[in-house]
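Read through the structure below, which is laid out as structure tokens, and then see the notes.
The values are calculated or read from the model by the stated rules, or taken from the named source; none is laboratory data. Since the structure is predicted, the reported quantities are computational estimates derived from the model, not experimental observations. All Cβ positions, glycine included, derive from the backbone under ideal geometry; neighbour counts span all protein chains shown.
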Amino acid sequence: MSTEHRDLIAERHDGVLYLTMNRPDKLNALSDHMIGGLLEELNRAAHDREVGAVVLTGAGRGFCAGGDIGRMRERNEGGGAEGAGHGASAGAGEQGIQTRISQLRRSEEVSLLLHEMPKVTIGAINGPAAGAGLSIALACDLRIAADTARFGTAFARVGFSGDFGGTYLLTQLVGPAKARELYFTAEVIGAEEALKLGMVNRVVPAAALTEEVRAFAKRIAAGPVVAYSYMKAHLNLALKSDLRTILDRESYGQTLTGLTEDHKEAVKAFLEKREAKFKGR
């Protein structure tokens, strides 16, 4: 099953929603249409029991270059329909500034959905991930990178402070000192360095990326997706909470997942020495 938005392709296979940012001639730089498609597909998938995992990748040789620099110039020169806020065309007065802030904040819900939706989200980093593109990659639960992938915050190079949650997400993954260095210097790093820093989970040969990601995502989608949703919520809460709060949430989640058909099937399969057949309920 495939759905094509302008600048985004959505496909479903084996319980996995594959989202491909589709502006290969621009290294998949963000556009209004792409953001709108991502918000639509992610919101729908969050409530769809048939979706067990989400994979986000880019068409062609790039993952996502972030903002469209050409559109930024058009906006700065007083023309164009899209700007740094991926759709902000208002003037620079107070009302225009507030409009840009609101438009950008709506766009940034893409990162929040990837980070918080009750599905496992996987970034398949096939090439350069820069600026907001890097932020969106970091918002995924897991990242599998091609050995040719490159990563950079990029914002300092164009006089921006950063968006799409990158300052929060990168700090959580690599620690405050390294996150500051990567933001202030806008240094571009390779896949192996990103792996050492904890920015990605795995690095695979570029030619094998699609196959590796599909196998991994299929495995996740066939697993206990209800339990995964509680795990994800607990792991996210652990980033900003204390042990007492986590124990309270875990006791709640553990009890509820213990009532699911998936738990009962898994126990039965374990005792019968066979693979469990999860149904997501």
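Of the candidates Ala132, Ala206, the single residue that is of a type in the set (Gly, Ala, Ser) and more than 15 Å from the chain's Cα centre (by Cα) is Ala206. Just one residue in the set Ala186, Ala222 is over 24 Å from Ala46 (Cβ atoms), under 24 Å from the mean Cα position of the chain (by Cα) and of a type in the set (A, V, I, L, M, F, W, C); that residue is Ala186. When Val188 is tested against the conditions (1) in contact with a strand residue (DSSP E or B) (Cβ under 9 Å, 6 or more places away or on another chain); (2) closer than 29 Å to Arg71 by Cβ; (3) surrounded by fewer than 14 Cβ atoms within 10 Å (Cβ to Cβ), the lone failure is (3).
Residues being in a loop (DSSP other than H, G, I, E, B) and either touching a strand residue (DSSP E or B) at 6+ places or on another chain (Cβ under 7 Å) or free of Cβ contacts under 8 Å to residues at least 40 places away in the same chain (or both) are entirely absent from the range 212-220. Of the residues screened, Ala177 is not one that is in contact with a strand residue (DSSP E or B) (Cβ under 9 Å, 6 or more places away or on another chain) and loosely packed, with under 13 Cβ neighbours inside 10 Å. Quick one: count up the residues across the range 230-255 that are surrounded by 14 or more Cβ atoms within 10 Å (Cβ to Cβ) and within 19 Å of Val267 (Cα to Cα). Number of matching residues: 3. Would you mind stating whether Asp7 is in contact with a Lys or Arg (Cβ under 6 Å, 6 or more places away or on another chain) and not assigned by TED's automatic domain parsing to the domain that holds Ala233? So Asp7 fits the description; yes. Only strands (runs of 3 or more DSSP E) whose full extent lies in the range 1-56 are considered here, and the ones with at least 3 residues that are crowded, with 16+ Cβ neighbours inside 10 Å are 8-13, 16-21. Only one entry of Ala177, Ala206, Ala186, Ala154 meets the criterion of being over 25 Å from Glu109 (Cα atoms), in contact with a Gly (Cβ under 9 Å, 6 or more places away or on another chain), hydrophobic (A, V, I, L, M, F, W, C) and assigned by TED's automatic domain parsing to the domain that holds Ala124, and that entry is Ala206.
The set of residues in the range 155-172 being among the hydrophobic types (A, V, I, L, M, F, W, C), at pLDDT below 95 and outside any helix (DSSP H, G or I) consists of Phe160 alone. Screening Leu182, Leu170 for residues that are of a type outside the set (Phe, Trp, Tyr), buried (at least 21 other Cβ atoms within 10 Å of the Cβ) and farther than 22 Å from Leu38 by Cβ leaves exactly one candidate, Leu182.
Taking Phe278 as the residue in question, decide whether it is surrounded by fewer than 13 Cβ atoms within 10 Å (Cβ to Cβ), over 30 Å from Gly127 (Cα atoms) and aromatic (Phe, Trp, Tyr). It is false that Phe278 is surrounded by fewer than 13 Cβ atoms within 10 Å (Cβ to Cβ), over 30 Å from Gly127 (Cα atoms) and aromatic (Phe, Trp, Tyr). Could you list, in sequence order, all residues of the range 10-38 that are hydrophobic (A, V, I, L, M, F, W, C) and either farther than 14 Å from Ser107 by Cα or touching a Leu at 6+ places or on another chain (Cβ under 7 Å) (or both)? Residues satisfying the conditions are Ala10, Val16, Leu17, Leu19, Met21, Leu27, Met34, Leu38. Selection within the range 173-195: residues that are assigned to a helix (DSSP H, G or I) and not hydrophobic (A, V, I, L, M, F, W, C). The member of this set that is nearest to Asn126 (Cα to Cα) is Glu192. Spot the failing condition for Leu259; the list is (1) part of a helix (DSSP H, G or I); (2) surrounded by fewer than 13 Cβ atoms within 10 Å (Cβ to Cβ); (3) hydrophobic (A, V, I, L, M, F, W, C); (4) not assigned by TED's automatic domain parsing to the domain that holds Cys140, and only one is missed. It fails just one condition, (1).
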